[in-house]
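Below you'll find the structure, written out as structure tokens, and then a few comments.
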Amino acid sequence: MKTKIRYCGVIAMILQGVSGISHAADQDLRATGKQVFDRWCVHCHGDGPEYPGTVALQALYKGAKPALLERRTDLAPAITGQFVRNGVSIMPFFRKTEISDAELAALAAYLAPR
Amino acid sequence: MSLPPGVTERDFNLALRQFELAVGREWVFTSDEDVALYRDAYSPFWNEPEDRVASAAVAPQSVEEVQAVVRAANEYRIPIYPISTGRNLGYGGSAPNLSGSVVLDLKRMNRVLEVDDRNHYAVVEPGVSYFDFYRHIQERGLKVWIDCPDPGWGSVIGNALDRGGGYTLGMYRNHFEAHCGIEVVLANGEVLRTGMGAMPGAKTWQQYRSGVGPYIDGLFSQSNFGVVTKMGFWLMPEPEAFRSGVVGVPRHADLVPLVDTLNYLENTGQMTGMPFLGSPVLSANMAGVDASPDTVSREPPLTLTASPEDFDAYTKRNKVPAWTVELRFYGAPEVVDAQWAAAKRRYAAAIPGATFTDLARYEMPLSEEQLQQVHKVAFGIPNLSIFSLGARSEMNPTPTSGHVWFSPIVPRTGEAVFEAQRVLSAAVADLDTPLIGLVALPSTFWTRAFIFIIGFPISHDVEANRKVRAAFEKVVRISAEHGWGEYRTAPAFQDLVMSTYSHGDHVLRRFNEALKDAVDPNGIISAGRYGIWPRHLRKP
């Protein structure tokens, strides 16, 4: 799969970001990820009926999974990378001038299971 | 890595080297995976050979870096395609008109350079989004509002240059018309400032638009004559209050005086906000039109094929207005109350049986609770809720992969609305493609003309997109036959739409081409944008 090959570098960064580093560094990475989320993701994935991403995930999972990304416990870092760089449905993909690889690694760490 | 058309691999590599020297190696993108991120996510040519794709991208952070990139591109004849935030989705996104162009990604130029809340203006760079702009103002407690379109992640400059619109006062809703002063890098690398900005040490670049001599600002919108690196915008001071109310009129024919009275109120400045037309006969859910809770007990809505007599019978049976208009007012509390009272008086005199419903009245600043209730863009608050159109929901289990907008400008009269309803609904009735929303009533972004906005869904299915393109071409041509021109369109349709502005054997297009040859003789900037092709790519 071309897509998988395309993002193996990102995924490697993400994995480095969430393993083998100190607790404090992990905290910093997640804090940065929260900032990325608030800058780029929350406008569609916030809490409420006016957020199309949240509404879409509620319609898709019908409660089997939380509609809010920040409440998910199954978002492995590679999954976040996949959606940010490939998009889905009307959600477009994001360029590296918008969300850099380092920011994506932080975002993925923030959304990853703890 | 693909090559730009007509450029040798050697020259391309030399140009890329110059780009790297200008902006730093990490900001020149050439790998397939990075360049693919510049595709148009809503492309009507998705996965087809005609899809517009870049050869590379370069992301400068300053005017000087833009100049260096443009000079190198001019030297090596590299086609470049500037984007601001690249979020002009439905109108091309971050993809170039000409495949093989190098995208000049200005997202990193993201500084709000000045906000003046005494003279109420701002100066921004192209990478500043409406979210960025709003946050900058809020964090500093400045008492000015922005006017934003529905999607808040777009560029303030990019939206103005593509002549987008917003939702507050008429003088701010047309974003290009609300600008004051442009800085642009020309194809030879020179920096041009328009208006008063042409004077060294000018003190009023954002306070007086035209300077002296020809007023050339419009040349840099929907065009390809330079790379805009700064723009000034006039801003609304935070008003003390907002209020709105709905006027209902009982008969089908009442749309004519309803619109005439609206025009009077808006063009005299008595009604300052953006009005919204509606009809409870055509849609039980039409925004802003229905203050009554009994919609569920009504008969199903009629379609535009209903006769005026059917329309009037429906309104009597169901006790609803035929048409409504929501009026919005901004200003001092006693002034907005008086304006609404005067509007009611004028409508009551013009249209027997007109009804009035008071809606919200707020005094600024809004409370947190009020913030959750309001139509945010009417208060200059950017958001992305518009993307619920087409997104998956309980009502829409099969989401689209995007959309393109067909948006003809029609006269601001009731008679013109009736004609457009008849013509456009007949045109779309036999299309082999679904639509997003109804062809029902026009939008009112512009104070002097109506605009019908009809969405076509984009998918990743080649055949479905082929049908959308055919349908789009059909409605563009039918509209043009009736004198209704598109105000803006995606690159896939820009040649088509420009071909409908054909007065005098296409003299407008030929004039644009003459300008293009003069100011960009190598044709490097945004080849094909809005139908303006450089000489070497022009079709005979």
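The values are calculated or read from the model by the stated rules, or taken from the named source; none is laboratory data. Model, not experiment: these values are computed from the prediction. Note: ideal-geometry Cβ built from the backbone for every residue, glycine included; neighbour counts use all protein chains shown.
Can you name every residue in region B:297-329 that is surrounded by 22 or more Cβ atoms within 10 Å (Cβ to Cβ) and among the aliphatic types (A, V, I, L, M)?
If the condition is that a residue be surrounded by 22 or more Cβ atoms within 10 Å (Cβ to Cβ) and among the aliphatic types (A, V, I, L, M), then B:VAL320, B:ALA322, B:VAL325, B:LEU327 are the ones that fit.
Can you tell which of B:THR413, B:THR444, B:THR433, B:THR398 is among the polar types (S, T, N, Q) and out of contact with any helix residue (DSSP H, G or I) (no Cβ under 9 Å at 6 or more places or on another chain)?
Every option except B:THR398 fails the conditions.
Being within 14 Å of another protein chain (Cβ to nearest Cβ) and not aromatic (Phe, Trp, Tyr) is the requirement here; does B:GLY6 meet it?
Numbers: within 14 Å of another protein chain (Cβ to nearest Cβ): no; not aromatic (Phe, Trp, Tyr): yes.
Judged against the criteria, B:GLY6 is not a match.
Please find, among B:THR400, B:THR433, the residue that is β-branched (Val, Ile, Thr), assigned to a loop (DSSP other than H, G, I, E, B) and either exposed (fewer than 15 other Cβ atoms within 10 Å of the Cβ) or within 11 Å of chain A (Cβ to nearest Cβ) (or both). If you could, list the steps in order and put the result at the bottom.
Details: B:THR433 fails: either exposed (fewer than 15 other Cβ atoms within 10 Å of the Cβ) or within 11 Å of chain A (Cβ to nearest Cβ) (or both).
Step by step, each of B:THR400, B:THR433 is checked, and only B:THR400 is β-branched (Val, Ile, Thr), assigned to a loop (DSSP other than H, G, I, E, B) and either exposed (fewer than 15 other Cβ atoms within 10 Å of the Cβ) or within 11 Å of chain A (Cβ to nearest Cβ) (or both).
Going by the conditions given, is B:GLY248 in a strand (DSSP E or B), modelled with pLDDT of 95 or more and closer than 20 Å to B:TYR172 by Cα? Let's see the steps before the verdict.
Numbers: in a strand (DSSP E or B): yes; modelled with pLDDT of 95 or more: yes; closer than 20 Å to B:TYR172 by Cα: no.
No.
Listed here are the residues, each with its yes/no results for (1) out of contact with any strand residue (DSSP E or B) (no Cβ under 7 Å at 6 or more places or on another chain); (2) of a type in the set (Phe, Trp, Tyr); (3) in the same structural domain as B:VAL475 (by TED's automatic domain parsing); (4) assigned to a strand (DSSP E or B).
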{"residue": "B:PRO321", "(1), (2), (3), (4)": "no, no, no, no"}
{"residue": "B:ARG328", "(1), (2), (3), (4)": "no, no, no, yes"}
{"residue": "B:ALA343", "(1), (2), (3), (4)": "no, no, no, no"}
{"residue": "B:LEU359", "(1), (2), (3), (4)": "no, no, no, yes"}
{"residue": "B:GLN372", "(1), (2), (3), (4)": "yes, no, no, no"}
{"residue": "B:ARG392", "(1), (2), (3), (4)": "yes, no, no, no"}
{"residue": "B:ARG412", "(1), (2), (3), (4)": "no, no, yes, no"}
{"residue": "B:GLU419", "(1), (2), (3), (4)": "yes, no, yes, no"}
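Let me spell it out: the conditions are (1) in contact with a helix residue (DSSP H, G or I) (Cβ under 9 Å, 6 or more places away or on another chain); (2) under 22 Å from A:SER100 (Cβ atoms); (3) outside any helix (DSSP H, G or I), and B:VAL184 meets all of them except one. Which number is the exception?
With respect to (1) in contact with a helix residue (DSSP H, G or I) (Cβ under 9 Å, 6 or more places away or on another chain); (2) under 22 Å from A:SER100 (Cβ atoms); (3) outside any helix (DSSP H, G or I), B:VAL184 is out only on (2).
Looking only at region A:26-63, which residues are hydroxyl-bearing (Ser, Thr, Tyr) and either under 22 Å from A:ARG95 (Cβ atoms) or at the interface with another protein chain (Cβ under 8 Å from one of its Cβ atoms) (or both)?
Our first condition is that a residue be hydroxyl-bearing (Ser, Thr, Tyr); within region A:26-63, this holds for A:32, A:51, A:54, A:61.
Across region A:26-63, the qualifying residues are A:THR32, A:TYR51.
Against the condition more than 20 Å from B:PRO399 (Cα to Cα), modelled with pLDDT under 95, of a type outside the set (Val, Ile, Thr) and not assigned by TED's automatic domain parsing to the domain that holds B:ASP51, how does B:SER499 come out, does it pass? Quick ask: steps written out before the conclusion?
On the way: more than 20 Å from B:PRO399 (Cα to Cα): yes; modelled with pLDDT under 95: no; of a type outside the set (Val, Ile, Thr): yes; not assigned by TED's automatic domain parsing to the domain that holds B:ASP51: yes.
Against the criterion (more than 20 Å from B:PRO399 (Cα to Cα), modelled with pLDDT under 95, of a type outside the set (Val, Ile, Thr) and not assigned by TED's automatic domain parsing to the domain that holds B:ASP51), B:SER499 does not qualify.
Within region B:49-74, take every residue that is under 26 Å from B:ARG111 (Cβ atoms) and assigned to a loop (DSSP other than H, G, I, E, B) and give me the one that is nearest to the other protein chains (Cβ to nearest Cβ).
Per the criteria, the residue is B:ALA59.
Condition check ((1) within 14 Å of chain A (Cβ to nearest Cβ); (2) buried (at least 24 other Cβ atoms within 10 Å of the Cβ); (3) among the charged types (D, E, K, R); (4) touching a Gly at 6+ places or on another chain (Cβ under 8 Å)) across all residues:
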position	(1), (2), (3), (4)
B:ASN13	no, no, no, no
B:VAL23	yes, no, no, no
B:VAL28	yes, no, no, no
B:ASN47	yes, no, no, no
B:TYR76	no, no, no, no
B:ILE80	no, yes, no, no
B:SER84	yes, yes, no, yes
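In this structure, does B:LYS143 turn out to be within 11 Å of chain A (Cβ to nearest Cβ), touching a residue at least 12 places away in the same chain (Cβ under 8 Å) and of a type in the set (Lys, Arg)?
Numbers: within 11 Å of chain A (Cβ to nearest Cβ): no; touching a residue at least 12 places away in the same chain (Cβ under 8 Å): yes; of a type in the set (Lys, Arg): yes.
Against the criterion (within 11 Å of chain A (Cβ to nearest Cβ), touching a residue at least 12 places away in the same chain (Cβ under 8 Å) and of a type in the set (Lys, Arg)), B:LYS143 does not qualify.
Can you tell me which residue among A:PRO66, A:PRO113, A:PRO49 is at pLDDT 95 or above, surrounded by fewer than 20 Cβ atoms within 10 Å (Cβ to Cβ) and outside any helix (DSSP H, G or I)?
Numbers: A:PRO113 fails: at pLDDT 95 or above; A:PRO49 fails: at pLDDT 95 or above.
Result: A:PRO66 is the single residue among A:PRO66, A:PRO113, A:PRO49 that is at pLDDT 95 or above, surrounded by fewer than 20 Cβ atoms within 10 Å (Cβ to Cβ) and outside any helix (DSSP H, G or I).
Pull up region B:151-162, narrow it to residues that are in a loop (DSSP other than H, G, I, E, B) and in contact with a strand residue (DSSP E or B) (Cβ under 8 Å, 6 or more places away or on another chain), then point me to the one that is nearest to B:ASN88 (Cα to Cα). Quick ask: steps written out before the conclusion?
Within region B:151-162, the subset in a loop (DSSP other than H, G, I, E, B) is B:152-154, B:162.
Narrowing the set further to residues that are in contact with a strand residue (DSSP E or B) (Cβ under 8 Å, 6 or more places away or on another chain) leaves B:152-154.
Working: B:GLY152: 11, B:TRP153: 9, B:GLY154: 6 Å.
Out of the qualifying residues, it is B:GLY154.
Considering every residue within region B:157-168, establish whether at least one is more than 26 Å from B:PHE19 (Cα to Cα) and within 14 Å of chain A (Cβ to nearest Cβ).
Residues of region B:157-168 that are more than 26 Å from B:PHE19 (Cα to Cα), as a first pass: B:159-160, B:162-168.
If we keep only those that are within 14 Å of chain A (Cβ to nearest Cβ) too, we end up with none.
No: region B:157-168 contains no residue that is more than 26 Å from B:PHE19 (Cα to Cα) and within 14 Å of chain A (Cβ to nearest Cβ).
Taking the condition of being free of Cβ contacts under 8 Å to residues at least 40 places away in the same chain and surrounded by fewer than 19 Cβ atoms within 10 Å (Cβ to Cβ), how many residues in region B:407-429 meet it?
Taking region B:407-429 first, the residues free of Cβ contacts under 8 Å to residues at least 40 places away in the same chain are B:411, B:416, B:426, B:429.
Filter again for surrounded by fewer than 19 Cβ atoms within 10 Å (Cβ to Cβ), leaving B:411, B:426, B:429.
Looking only at that region, the number is 3.
Does A:GLU103 count as within 12 Å of the chain's Cα centre (by Cα), within 24 Å of B:TRP27 (Cβ to Cβ) and more than 12 Å from every other protein chain (Cβ to nearest Cβ)?
Numbers: within 12 Å of the chain's Cα centre (by Cα): yes; within 24 Å of B:TRP27 (Cβ to Cβ): yes; more than 12 Å from every other protein chain (Cβ to nearest Cβ): yes.
Yes.
Just to be sure, is B:ARG469 without any contact (Cβ under 8 Å) to a residue 40 or more places away in the chain, assigned to a helix (DSSP H, G or I), in the same structural domain as B:PHE418 (by TED's automatic domain parsing) and touching a helix residue (DSSP H, G or I) at 6+ places or on another chain (Cβ under 9 Å)?
Values: without any contact (Cβ under 8 Å) to a residue 40 or more places away in the chain: no; assigned to a helix (DSSP H, G or I): yes; in the same structural domain as B:PHE418 (by TED's automatic domain parsing): yes; touching a helix residue (DSSP H, G or I) at 6+ places or on another chain (Cβ under 9 Å): yes.
No, not satisfied.
Please note which strands (runs of 3 or more DSSP E) are completely contained in region B:77-138 and include at least 2 residues that are touching a strand residue (DSSP E or B) at 6+ places or on another chain (Cβ under 9 Å) and under 13 Å from B:SER526 (Cβ atoms). Write out each step before concluding.
Working: elements: B:80-83, B:102-105, B:112-116, B:121-124.
By residue number, B:80-83, B:102-105.
Can you pull out the residues in region A:81-98 that are touching a residue at least 60 places away in the same chain (Cβ under 8 Å) and either buried (at least 22 other Cβ atoms within 10 Å of the Cβ) or over 30 Å from B:PRO457 (Cβ atoms) (or both)? Talk me through it step by step, then tell me what you get.
Looking only at region A:81-98, we keep the residues that are touching a residue at least 60 places away in the same chain (Cβ under 8 Å), and these are A:81-82, A:85-86.
Within region A:81-98, A:GLY81, A:ARG85 qualify.
Given the structure, is B:ILE182 over 15 Å from the mean Cα position of the chain (by Cα), aliphatic (A, V, I, L, M) and buried (at least 21 other Cβ atoms within 10 Å of the Cβ)? Even if it seems obvious, please write down each step before you answer.
Details: over 15 Å from the mean Cα position of the chain (by Cα): yes; aliphatic (A, V, I, L, M): yes; buried (at least 21 other Cβ atoms within 10 Å of the Cβ): yes.
So B:ILE182 fits the description; yes.
Being among the aliphatic types (A, V, I, L, M), surrounded by 12 or more Cβ atoms within 10 Å (Cβ to Cβ), assigned to a helix (DSSP H, G or I) and at pLDDT 90 or above narrows it down to one residue among A:VAL42, A:VAL10; which is it?
Numbers: A:VAL10 fails: at pLDDT 90 or above.
Just one listed residue meets the conditions, A:VAL42.
With of a type in the set (Asp, Glu) and surrounded by fewer than 21 Cβ atoms within 10 Å (Cβ to Cβ) as the only criterion, which of B:ASP117, B:ASP147 stands out?
It is B:ASP117.
What is the residue count in region B:500-527 for residues that are out of contact with any helix residue (DSSP H, G or I) (no Cβ under 7 Å at 6 or more places or on another chain), assigned to a helix (DSSP H, G or I), surrounded by 15 or more Cβ atoms within 10 Å (Cβ to Cβ) and not aliphatic (A, V, I, L, M)?
Total satisfying the criteria: 4.
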